[in-house]
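Below is one structure, written out as structure tokens; the observations come after it.
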Amino acid sequence: MADLNETARALVAPGKGILAADESTGTITKRFDSIGVESTEENRRAYRDMLFTTEGAAEHISGVILYDETIRQSASDGTTFPKALERQGIIPGIKVDTGAKPLANAPGETITEGLDGLRDRLEEYRELGARFAKWRAVITIGEDIPSEYSVWTNAHALARYAALCQEAGLVPIVEPEVLMDGDHTIERSFEVTSRTLHAVFTELRDQRVTAEDMLLKPNMVLSGYDCSEQASDQQVAEQTLECFRRHVPSAVPGIVFLSGGQSDEDATARLNTMNAMGPHPWELSFSYGRALQAPALKAWGGDAANVAAGQEAYLHRAKLNGLARSGSYSPDMEEKVPA
Ligand code: 13P
């Protein structure tokens, strides 16, 4: 059996983080719509091929999260994507939940599905080359939500998934995402993130998940998108660290933040601010989807002639986030990274 702790630590190695490229077909179709590209299987393959074969990415990217369709696809030279990544020293992973669905008797809240048959699917993904897996629970902030019911059912499902992953020899990336949609304050985000982490780590412990052999993928503690008062990067960093220090065992090797709709630059700057305030009990890293891909998607625009431009845009963001791992990023690098 693979050493899960070793894989977890490799995923949060200094200067590196994770690329989340596990958009479901529905989500990648939305991203393609935004650049006017048709979401065909070949276009989805070509886009992922561009990202995964970017030369030099492995200096800043430790792992890539794939989607069920993607893990079965190949790069243009015929190498399967997991092999193509592994060859560069990048660890392949896989999203294994099947999406957030309406939670019964809880208007406005969801429960993430995908537990039925999961043991067999994990075995297959491992054979296809995956070494870690991801499951995303979604917690929404609203007037009377989240309910304790939705927080605890989602935490229970996350722990069931995580336990099965460890049994199967895959590192679970446990992702309870408190959404930043809404007009709530950063204090409310702190309170809800705190309740969520409390439930998640209680369930993980009850279900005998070992903290050393997992990673946590959470939201940062942020002001709601539509809140009239937006917290500064410094406040975000302080609130996020205070919240996580209270709830995340130091045995967890790393916290890999999602970007969750923050701008690319905000996501990088806030991670940088937190790392500049270190050392911390855990590695603080990134597992960004949009914040790593947005400029690359735009530069590519669905045209094979733009692959080099897309790769350059992706590498640039990967580099800056890699620097944010040690507090070495500064906004003037957005124009040009020093050699
Ligand atoms: P974002 O960074 O775009 O939030 O995506 C990360 C992710 O994997 C969400 O599940």
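Read the figures in this text as sums done on the coordinates, not as results from a lab. Remember, predicted model here, so these are calculated numbers, not experimental data. Heads up, the Cβs are rebuilt from the backbone with ideal geometry, glycines too, and the neighbour counts pull from every protein chain shown.
Could you please rank Lys336, Lys30, Lys217, placing first whichever residue has the fewest other Cβ atoms within 10 Å of its Cβ?
Lys336, Lys30, Lys217
Less than 27 Å apart at the alpha-carbon level, and either on another chain or at least 8 residues along: which lysines does that give for Lys336?
Lys16, Lys298, Lys319
Pick out, from Thr240, Leu320, Gln230, the residue whose Cα sits farthest towards the positive end of the charge dipole of the chain, with +1 on the Cβ of Lys and Arg and -1 on the Cβ of Asp and Glu.
The residue sitting most towards the positive pole is Leu320.
By Kyte-Doolittle mean hydropathy of at least -1.0 and Cα axial length of at least 24 Å, which whole DSSP H helices of the chain are selected?
The qualifying helices are 148-168, 186-206, 307-324.
Treating each Cα of the range 105-159 as an identical point scatterer and ignoring solvent, apply the Debye formula and state log10 I(q)/I(0) at q = 0.31 Å⁻¹.
Log10 of I(q)/I(0), two decimals: -1.26.
Counting alpha carbon pairs within less than 8 Å and at least 6 residues apart, what relative contact order, in whole percent, applies to the chain?
Computed value for the chain: 18 percent relative contact order.
Per DSSP helix of 4 or more residues, -39500 (n - 2.57); summed, then divided by the residues of the chain. What does that give at 222 nm, rounded to the nearest 500?
Estimated from H runs of four or more residues: -14000 deg cm²/dmol.
Springs between alpha-carbon pairs under 10 angstrom, Gaussian network model over the chain: which of Asp22, Asp303, Asp233 fluctuates most?
Asp303
Could you list which residues have their amide H under 5 Å from that of Val221, counting only those 5 or more apart in sequence or on another chain, with H placed in the peptide plane?
Thr240
What does the charge add up to near Gly289, with Lys and Arg as +1, Asp and Glu as -1, over the other residues with Cβ less than 13 Å from its Cβ?
In short, +4.
Kirkwood Rh and Cα-based Rg: tell me the resulting Rg over Rh for the range 197-339, rounded to two decimals.
Using only Cα positions, Rg/Rh for the range 197-339 is 1.02.
Hey, fewest Cβ within 10 Å first, where do His184, His156 land in order?
His156, His184
Need one number: % antiparallel among DSSP beta bridges in the range 1-152, to the nearest 5.
25
Arrange the following residues from fewest to most other Cβ atoms within 10 Å of their Cβ: Arg290, Arg136.
Arg290, Arg136
Where a Cα-Cα gap under 13 Å defines reach, which aspartates and glutamates qualify for Lys101, not counting those fewer than 8 residues away within the same chain?
Excluding near neighbours in sequence, the set is Glu109, Glu113.
Tell me which of Gly261, Asn306, Ala162 sits at the most positive position along the dipole axis of the chain, charges placed on C-beta atoms (Lys, Arg +1; Asp, Glu -1).
Selected residue: Ala162.
Could you rank the peptides 37-44, 312-319 by their average count of other C-beta atoms within 10 Å per residue, with the highest value first?
Taking the mean over residues of other Cβ atoms within 10 Å, the ranking is 312-319, 37-44.
Looking at Leu19, Thr80, Tyr47, which one has the Cα that reaches farthest to the positive end of the dipole of the chain (charges on Cβ: Lys, Arg +1; Asp, Glu -1)?
Final value for the positive-end residue is Thr80.
Taking the alpha-carbon distance from Lys95 and a cut-off under 19 Å, which lysines remain once sequence neighbours fewer than 8 residues away in the same chain are dropped?
By straight Cα distance, Lys95 reaches Lys30, Lys83, Lys134, Lys217.
Shape verdict for the range 33-102, please, from the Cα gyration tensor: rounded (a/c under 1.5), prolate (a/b greater than b/c) or oblate.
Note, shape of the range 33-102 comes out oblate.
Determine how many Å³ per residue the convex hull of the Cα atoms of the range 145-271 encloses.
97
Using the Cα atoms as the points, what is the convex hull volume per residue of the chain in Å³?
In the chain, the Cα convex hull volume per residue is 130 Å³.
Report the FRET efficiency, 1/(1 + (r/R0)^6), for Glu124 and Asp206, where r is their Cβ-Cβ distance and R0 is 25 Å, rounded to 0.05.
0.35
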